[in-house]
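Chemist: Once you've had a glance at the structure underneath, I'll fire off some questions.
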Amino acid sequence: MGERPQISAIQAGAWVTDPRSRGPFASRSARIENGRIVELSENAPAGPAIGNASAIALPAPIDAHDHGRGLRSLSYGHVDLPLEIWSAGHSLHPAADAGLIATVAFARIARGGAAGTVHLHRPIDYERMVDEARAVARAAAEIGIRLAFVVPMTDRQSAAYTDDASFLDWCGPADRATIERRLVHKRPRPSEQVALAEEIARAIAGPMVDVQLGPGGPQWCSDDLLAAIAEHSAVSDRRIHMHLLETRRQREWGDAHHAKGLLPHLDDLGLLSPRLSVAHGVWLDAADLALLAARGVKVAVNISSNLRLRSGLVDLAAFKRHGVRFAIGLDGLTLEDEDDVLREMRLAFLLNAGTQLDPNLDIADILDAAAVVGREVLDGTSMAAMRAGADADVLLIDRDRLVPDLIADAGDDLDIAMLRATRRHVSHLVVAGREIVRDGEVLGTDLAAAERELLAMARALAPNSETLDFVRRHRERLKAFYQAGLHLGGR
Ligand SMILES: [Zn+2]
């Protein structure tokens, strides 16, 4: 549907200009030029404006870790399980059109209130990744969200946390060919993978699109690959986004294989720097957090996903104590598959506020994480708060619809918005001065029609009963592998 026109003004009754500050917030309007806020004023807007005097304006959150899951896992039999067993279900994903998958995913993410997504790409066809990157970038432009396209980079242990040959031997002859075909990936040399990332950057990078290096995770990347990525990042300034210590078994693997500790090992490889963000970090310990804080590494946490895949609860109070900055990611695995960033932020707050009389963290910390740190993870910009000169990325909450029952106004619109709002209370989402969501509707595409088209395509490519049976058997094999402690090596 093409690029949407720039708006010239936003009106709101409460303007949370700094997510770390507390109310009361002034009634203000913002004048917008070329995608940026040029002036915040106490006056009503002079000309046409979106919003109204009762709206609550928040700095727009960013989805700081995702995979653009346009097809939701439940729809194709990839039911929630502990991550290492769940991974068998990757082979069920229908090989539908990458652009259409991204369009549906990004439309849902925008509808959920997020102004951008850090997209660690899961290729439909690795050999066609440059074309897929182009299609994904077109989808982001169509919806109007900011995009970090993270180029997936792995080269070992693709089927379980041991080398692929040993794993296949352990599995025995039954299903061997199927496991090899569906779940074992052979990838190019490190230098070729870095070159591919640069080719993708030349193809799609721009003001709304950052391209990042995406080591899948330490257990899936050789030291040679991680070192090549670290070195390339240091000379090119390209950012890195990587899964890290998502599950108990990843922690066990990391401890068993690194006498000095996994994090000090990554540090030795040169990987830990302000250019790195990591996803999950559920199993980081105090020493890890201190090291990440010292190196300026940011963590994109994924609360719902960690619940759904039995990964555990991240301890954001410990992050805060250690000075580790964190952002909020949806991972395409939110509660009820709603991709609702507002609900995800509330869950992050409630699961981490603690039981003491003073809360471990403030709801304002969560908004700062989602909007300010999220934007830093997305493209390195560290001025996401709403003030003159900042990008016009603004989420407007319809206060009248949110609190029709309000009889005593305590004036704390931050609390009001953060403790109740869901995507159903979003009146407008503005990104780079363009209105991309209005009253819950994504303006850049017909989401319902795109969902129907994608489902029809996926249905024709749906896994058959033979594949479903294979996945059931393979889940049992993986469970036996990890239960026997075979990811700890030393057999
Ligand atoms: Zn992920």
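The values are calculated or read from the model by the stated rules, or taken from the named source; none is laboratory data. Everything numeric in this text was worked out from a predicted model, so none of it was measured. Positions of Cβ are generated from backbone atoms using ideal geometry, with glycine treated the same way; all protein chains shown enter the neighbour counts.
Chemist: Determine, yes or no, whether Glu84 is in contact with a strand residue (DSSP E or B) (Cβ under 8 Å, 6 or more places away or on another chain) and on the phi < 0 side of the Ramachandran plot. Can you show your working first?
Modeler: Values: in contact with a strand residue (DSSP E or B) (Cβ under 8 Å, 6 or more places away or on another chain): no; on the phi < 0 side of the Ramachandran plot: yes.
No, not satisfied.
Chemist: Return the pairs, sorted by first residue and then second, in which the second residue is away from the ligand (no atom under 16 Å from the Cβ) and basic (Lys, Arg), the first residue lies in the range 45-69 and is touching a residue at least 12 places away in the same chain (Cβ under 8 Å) and over 16 Å from Met345 (Cβ atoms), the beta carbons are less than 7 Å apart, and the residues are 6+ apart or on different chains.
Modeler: Ser54/Arg399; Ala55/Arg399
Chemist: Same structure, new question: Taking the criterion of being loosely packed, with under 15 Cβ neighbours inside 10 Å, among the polar types (S, T, N, Q) and modelled with pLDDT of 95 or more, would at least one residue in the range 191-204 satisfy it?
Modeler: Yes, there is a match, as at least one residue in the range 191-204 is loosely packed, with under 15 Cβ neighbours inside 10 Å, among the polar types (S, T, N, Q) and modelled with pLDDT of 95 or more.
Chemist: Going through the range 334-353 one residue at a time, which ones are in contact with a helix residue (DSSP H, G or I) (Cβ under 6 Å, 6 or more places away or on another chain) and assigned to a loop (DSSP other than H, G, I, E, B)?
Modeler: Listed by number, the residues that qualify are Thr334, Asp339, Asp340, Asn352.
Residue-by-condition table, conditions (1) β-branched (Val, Ile, Thr); (2) surrounded by fewer than 21 Cβ atoms within 10 Å (Cβ to Cβ); (3) modelled with pLDDT of 95 or more; (4) within 19 Å of Thr445 (Cβ to Cβ):
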residue	(1), (2), (3), (4)
Glu39	no, yes, no, no
Ala53	no, yes, no, no
Ser75	no, yes, no, no
Val79	yes, yes, no, no
Ile101	yes, no, yes, yes
Ala105	no, no, yes, yes
Ile109	yes, no, yes, yes
Gly113	no, no, yes, yes
Val118	yes, no, yes, no
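Chemist: For the range 319-339, does any single residue satisfy the condition of being of a type outside the set (D, E, K, R), at pLDDT 95 or above and over 28 Å from Leu147 (Cα atoms)?
Modeler: Just the residues of the range 319-339 that are of a type outside the set (D, E, K, R), to begin with: 319, 322-324, 326-330, 332-335.
Filter again for at pLDDT 95 or above, leaving 319, 322-324, 326-330, 332-334.
If we keep only those that are over 28 Å from Leu147 (Cα atoms) as well, we get 322.
Yes; the residues of the range 319-339 include at least one that is of a type outside the set (D, E, K, R), at pLDDT 95 or above and over 28 Å from Leu147 (Cα atoms).
Chemist: Just a yes or no: is a residue in the range 324-337 within 26 Å of Asp210 (Cβ to Cβ), of a type in the set (Asp, Glu) and touching a residue at least 12 places away in the same chain (Cβ under 8 Å)? Please lay out each step first, then the result.
Modeler: Applying the first criterion (within 26 Å of Asp210 (Cβ to Cβ)) to the range 324-337 yields 324-334.
From what's left, of a type in the set (Asp, Glu): 331.
Pick out the ones that are also touching a residue at least 12 places away in the same chain (Cβ under 8 Å) and you get 331.
Checking the range 324-337: at least one residue is within 26 Å of Asp210 (Cβ to Cβ), of a type in the set (Asp, Glu) and touching a residue at least 12 places away in the same chain (Cβ under 8 Å).
Chemist: Can I ask one more? Which of (1) in contact with a His (Cβ under 6 Å, 6 or more places away or on another chain); (2) away from the ligand (no atom under 16 Å from the Cβ); (3) closer than 29 Å to Leu429 by Cα; (4) small (Gly, Ala, Ser) is the odd one out, the single condition Ala353 does not satisfy?
Modeler: (1)
Residue-wise test of (1) crowded, with 19+ Cβ neighbours inside 10 Å; (2) at pLDDT below 95; (3) within 16 Å of the ligand (Cβ to nearest atom).
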residue: Val130; (1), (2), (3): no, no, no
residue: Ala160; (1), (2), (3): yes, no, no
residue: Arg176; (1), (2), (3): no, yes, no
residue: Glu180; (1), (2), (3): no, yes, no
